[in-house]
1. Which one of L44, L69, I19 has its Cα pushed farthest toward the positive end of the charge dipole of the range 19-78, where Lys and Arg give +1 and Asp and Glu give -1 at the Cβ?
2. Alpha carbons only, please: Rg and Dmax for the range 19-78, in angstrom.
3. In the range 19-78, how many lysine pairs have Cα atoms under 18 Å apart, counting only pairs 8 or more places apart or on different chains?
4. Once phi is turned into θ = phi - 60°, what whole-Hz ³J(HN,Hα) does the Karplus curve with 6.51, -1.76 and 1.60 give for every residue of the range 35-49, x standing for Gly and Pro?
Amino acid sequence: MGFDPLNSLINVKLIIPIIANKIQDEIKAKITEMYKAKILSNELLNIAKRGVELVIEKDEKKAQEWVNLELNKQNRFQKK
């Protein structure tokens, strides 16, 4: 008889720690903060990419105006 992965999983013993609610809340807050930072970084990257496209397609002044407008929008949402 060969290796049986299901039987191996049944025999695994997991140690699950009991973590205080305060620590759980801190972990949850850090994870939430990480996801928000990831979303923000993607949004900022897209603004930067579009800004470069505008410099190439139009001119630097129009691109800078658009980037500034988009960054101001981001700042308004971040303060809430």
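Bear in mind these aren't lab numbers, they're just calculated from the coordinates by the rules spelled out. Fair warning: this is a prediction, and the values are worked out from it, not measured in the lab. Counting neighbours? That spans all protein chains shown, and the Cβs are built from the backbone with ideal geometry, glycine included.
1. I19
2. Values for the range 19-78 (Cα only, Rg and Dmax): 17.1, 57 Å.
3. Close lysine pairs found across the range 19-78: 12.
4. These are the phi-based 3J(HN,Hα) values: 5, 5, 5, 5, 4, 4, 5, 5, 5, 5, 4, 5, 5, 5, 5 Hz.
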